[in-house]
Amino acid sequence: MNIVLTTLNAKYSHQNLALRYLRAFCQDEYPAMIVREFNINQQLSYILAELVDYAPDVLGFSCYIWNIKQTLQIIADIKQVLPKLTIVLGGPEVSFAAEDLVQSYTDIDYVICGEGEKPFKELLRVVTEQNHPETALASIPGLVYRRNGRIYTNQPMFMDLTEVVPVYMGDLSDLEHKIIYYETSRGCPYRCEYCLSSRTGKVRYFPLDRCKQELTRLAQLGVDQVRFVDRTFNCDHKRAMELLSFMIGLDTSTRFQLEISGDLLSAEMLELLSHAPPNRFQFEI
C-alpha cells in the first residue's frame, strides 16, 4: 500500500514539522511512507501531477490557514483521477470544525483532530486491512469520519511526549536552506477564548536531555534559523533558563526564535540574555 503525506508550505524555505513527526512515528510499520512537501506558490496542476505519479492508496494532508483553499481543490481534482484513494486531513485548520468540513466535502474520508501521531498510525492499521468496522474506527482518538450518512467524532488525545520519536537526529540533508521548526513543549498555559492554542491542553514537556541533543544537532548543521513553536517558551522559568543558557553556550551561527510572554521576563533572565552572542536569539513577545 502506497502512503503519501504532503502539505503546501507558505514558502519554499519553510518545512513541515508535523509530517516529520508522523513519518518517524509510523516508520517501524510503514517504512515506505513518502513525505512530499510543496508550497502555495507552485501551480496546483504541477502538485496534482506529482501526487498522482506516486499512485497513493492513502494521501494525508497537513492543513493550515494558508493552504486550506488549495488543499481542498487538490483533493477534489485528485479524487477524479483516483476515485478509490483514501484522503486523510490533519492540522490546526481542520481540527476545530472537522464535522462541518466532512459534511461539506464528501471527497474527504477522515479528519484527525489534535495530536496525530498515534491516531494516524492506528488509522493506517485499519485502512491497510481494507476492513473498516465501526468498532475499529470508533476507537481511534480524534477521528472524524462518515458512516451510513452520519458523521462521527471521537474524543482527541494528548500524546505522552516520551513516546514521540525524535525527528532531528537522523539524515537531515533535506533541511539545507530551510527554516527549522522545533518544539520543546506542547499545550498552552493560557485559556484565551480568541486563540486556538487554548484548546491544545495543558503544557507538557519533551525530555530536557532530548531537547539538548536535537538542538546541538541542528546547531552543528549551521542552519540559519530554528523557530520554536512552543506557545510560551518561558512559562516554566527554571526550564527556560536552562535551555537559554544551553543555547547561549553553543558554538554556532544559528539564530533561535522564541515566543515568550513579556510579563514573565525576570531580571535573572534578562541578565542571562545579556551574555548571549549577537544575533543568537529573536523573540516574539
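Summary table
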| item | result |
| --- | --- |
| Some residue of segment 15-23 being assigned to a loop (DSSP other than H, G, I, E, B) and farther than 25 Å from LEU123 by Cα | no |
| Qualifying positions in segment 251-281 - open to solvent by 70 Å² or more (accessible area, probe 1.4 Å) and either of a type in the set (Gly, Ala, Ser) or assigned to a strand (DSSP E or B) (or both) | SER253, ALA267, SER274 |
| Hits in segment 167-186 (condition: of a type in the set (Phe, Trp, Tyr) and either more than 14 Å from PHE233 (Cα to Cα) or part of a loop (DSSP other than H, G, I, E, B) (or both)) | TYR168 |
| Segment 70-108, residues that are hydrophobic (A, V, I, L, M, F, W, C), open to solvent by 20 Å² or more (accessible area, probe 1.4 Å) and in a helix (DSSP H, G or I) | LEU72, ALA76, VAL81, LEU101 |
| Residue, modelled with the lowest pLDDT, within segment 187-203, restricted to residues that are open to solvent by less than 40 Å² (accessible area, probe 1.4 Å) and farther than 16 Å from ASN234 by Cβ | SER198 |
| Subset of segment 215-233 that is in a loop (DSSP other than H, G, I, E, B) and hydrophobic (A, V, I, L, M, F, W, C) - its residue that is modelled with the lowest pLDDT | VAL223 |
| Candidate set: segment 234-250, residues that are assigned to a loop (DSSP other than H, G, I, E, B) and open to solvent by less than 30 Å² (accessible area, probe 1.4 Å); chosen: the one farthest from GLU271 (Cα to Cα) | LEU250 |
| Within segment 54-75, tally of residues that are in contact (Cβ under 8 Å) with a residue 24 or more places away in the chain and either charged (D, E, K, R) or on the phi > 0 side of the Ramachandran plot (or both) | 2 |
| Residue within segment 55-64 that is surrounded by fewer than 19 Cβ atoms within 10 Å (Cβ to Cβ) and outside any loop (DSSP other than H, G, I, E, B) present | no |
| Segment 109-163 - residue that is open to solvent by 20 Å² or more (accessible area, probe 1.4 Å) and part of a strand (DSSP E or B) and, of those, farthest from ALA97 (Cα to Cα) | ARG147 |
| Qualifying residue in segment 28-38 (condition: open to solvent by less than 30 Å² (accessible area, probe 1.4 Å), more than 17 Å from the chain's Cα centre (by Cα) and either in contact (Cβ under 8 Å) with a residue 40 or more places away in the chain or on the phi > 0 side of the Ramachandran plot (or both)) | no |
| Residue in segment 50-60 that is hydroxyl-bearing (Ser, Thr, Tyr) and modelled with pLDDT of 95 or more present | yes |
| Total residues in segment 164-186, condition of a type in the set (A, V, I, L, M) and open to solvent by 60 Å² or more (accessible area, probe 1.4 Å) | 1 |
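The values are calculated or read from the model by the stated rules, or taken from the named source; none is laboratory data. The structure presented is a predicted model; accordingly, all values stated were derived computationally and were not measured. Every residue, glycine among them, receives a Cβ derived from its backbone with ideal geometry; neighbour counts consider all protein chains shown. The accessibility values were calculated without ligands, DNA or RNA, using every heavy atom of the protein model including side chains. Shrake-Rupley method; radii C 1.70, N 1.55, O 1.52, S 1.80 Å.
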